[in-house]
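Novice: I have a structure I would like to understand better, so I am pasting it below and will then ask my questions one at a time.
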Amino acid sequence: MDEVLDAHLAVEQAGLVAVDLYDGCFLYDFEAHRMVLCDLDEYRLGPFILEDERLPGSRRYMAPEEFIRGSTIDIRTTVFVLGRALRLLLDAGDEEQAWRGSRAQLAVIQRATADDPAHRYGSVEALTQAWRGVCGLDS
């Protein structure tokens, strides 16, 4: 997941937010033990106000505000999507009942995916630091 998080640290630095990021954007090379990002269709300057009924994307990954016309889409929306990616990619099943990580990792994910954006990490950097902290990795 480091590749996914590192890429989105660069996205954040550029002032962009992710739109339509989901598991189809990630390819895992089992021989090299490496994640590759692909098909990254849409990033927008943020924050922005959602003028349509919803943003494009997979419902399983989308933040609640991505379905509400007039809502603010910002870096906390990207934090939500990344939290969902962490949750879904580290689960052994489609029902989200086969979690392969630790309780501490799950707690980071739960904060990242809070329904209220104000309760999420305030940046991809903060999420990445928290994630790496519970994984025992250097930020």
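Novice: Would you point out which residue out of TYR22, TYR28 is of a type in the set (Phe, Trp, Tyr) and either surrounded by 17 or more Cβ atoms within 10 Å (Cβ to Cβ) or touching a residue at least 40 places away in the same chain (Cβ under 8 Å) (or both)?
Specialist: Unique residue meeting the criteria: TYR22.
Novice: Of a type in the set (Gly, Ala, Ser) and closer than 17 Å to GLU65 by Cβ: which single residue out of GLY101, GLY93, GLY83 fits that description? Step through it out loud before you land on a result.
Specialist: Details: GLY101 fails: closer than 17 Å to GLU65 by Cβ; GLY93 fails: closer than 17 Å to GLU65 by Cβ.
Just a single option satisfies the conditions, and that option is GLY83.
Novice: Now, a different point. Could you list, in sequence order, the residues of region 37-62 that are within 23 Å of GLY93 (Cβ to Cβ) and open to solvent by less than 60 Å² (accessible area, probe 1.4 Å)?
Specialist: At the first step, the residues of region 37-62 found to be within 23 Å of GLY93 (Cβ to Cβ) are 57-62.
Correct list: GLY57, SER58, TYR61, MET62.
Novice: OK, next. Name the residues in region 2-14 that are farther than 25 Å from ALA92 by Cα and open to solvent by 30 Å² or more (accessible area, probe 1.4 Å), would you?
Specialist: Passing the criteria: LEU9, ALA10, GLU12, GLN13, ALA14.
Novice: Let me ask you something else. So which residues in region 72-95 are over 14 Å from the mean Cα position of the chain (by Cα), open to solvent by 30 Å² or more (accessible area, probe 1.4 Å) and under 20 Å from TRP131 (Cβ atoms), if there are any at all?
Specialist: Passing the criteria: only ALA92.
Novice: Taking only pairs six or more apart or across chains, which ones have beta-carbon atoms under 6 Å, a first residue in region 42-53 that is closer than 12 Å to THR72 by Cβ, and a second residue that is among the hydroxyl-bearing types (Ser, Thr, Tyr) and in a strand (DSSP E or B)?
Specialist: Listed by first residue and then by second, the contacts come to PRO47/THR72.
Novice: A follow-up question, please. Evaluate the following for ALA98: is it open to solvent by less than 50 Å² (accessible area, probe 1.4 Å) and more than 23 Å from ALA126 (Cα to Cα)? Working first, answer last.
Specialist: On the way: open to solvent by less than 50 Å² (accessible area, probe 1.4 Å): yes; more than 23 Å from ALA126 (Cα to Cα): yes.
Considered against the rule, which asks whether it is open to solvent by less than 50 Å² (accessible area, probe 1.4 Å) and more than 23 Å from ALA126 (Cα to Cα), ALA98 comes out as yes.
Novice: Does ARG69 fit the bill of being surrounded by 11 or more Cβ atoms within 10 Å (Cβ to Cβ) and more than 13 Å from the chain's Cα centre (by Cα)?
Specialist: no
Novice: Does region 101-139 hold any residues that are open to solvent by less than 30 Å² (accessible area, probe 1.4 Å), part of a loop (DSSP other than H, G, I, E, B) and aliphatic (A, V, I, L, M), and which are they?
Specialist: Matches in region 101-139: ALA114 only.
Novice: Follow-up. Please determine, by comparing only the residues of region 22-71 that are among the hydroxyl-bearing types (Ser, Thr, Tyr) and assigned to a loop (DSSP other than H, G, I, E, B), which one is farthest from LEU9 (Cα to Cα).
Specialist: Quick first cut of region 22-71, residues among the hydroxyl-bearing types (Ser, Thr, Tyr) only: 22, 28, 43, 58, 61, 71.
Okay, now just the ones that are also assigned to a loop (DSSP other than H, G, I, E, B), so 22, 58, 61, 71.
Numbers: TYR22: 17, SER58: 22, TYR61: 18, SER71: 23 Å.
Taking the candidates together, the pick is SER71.
The values are calculated or read from the model by the stated rules, or taken from the named source; none is laboratory data. Owing to the predicted nature of the structure, the values given are computational and were not obtained by experimental measurement. Neighbour counts are summed over all protein chains in view; Cβ atoms, including those assigned to glycine, are modelled from backbone coordinates with ideal geometry. Areas reflect the complete protein model, heavy atoms only, side chains present, ligands, DNA and RNA absent. Shrake-Rupley method; radii C 1.70, N 1.55, O 1.52, S 1.80 Å.
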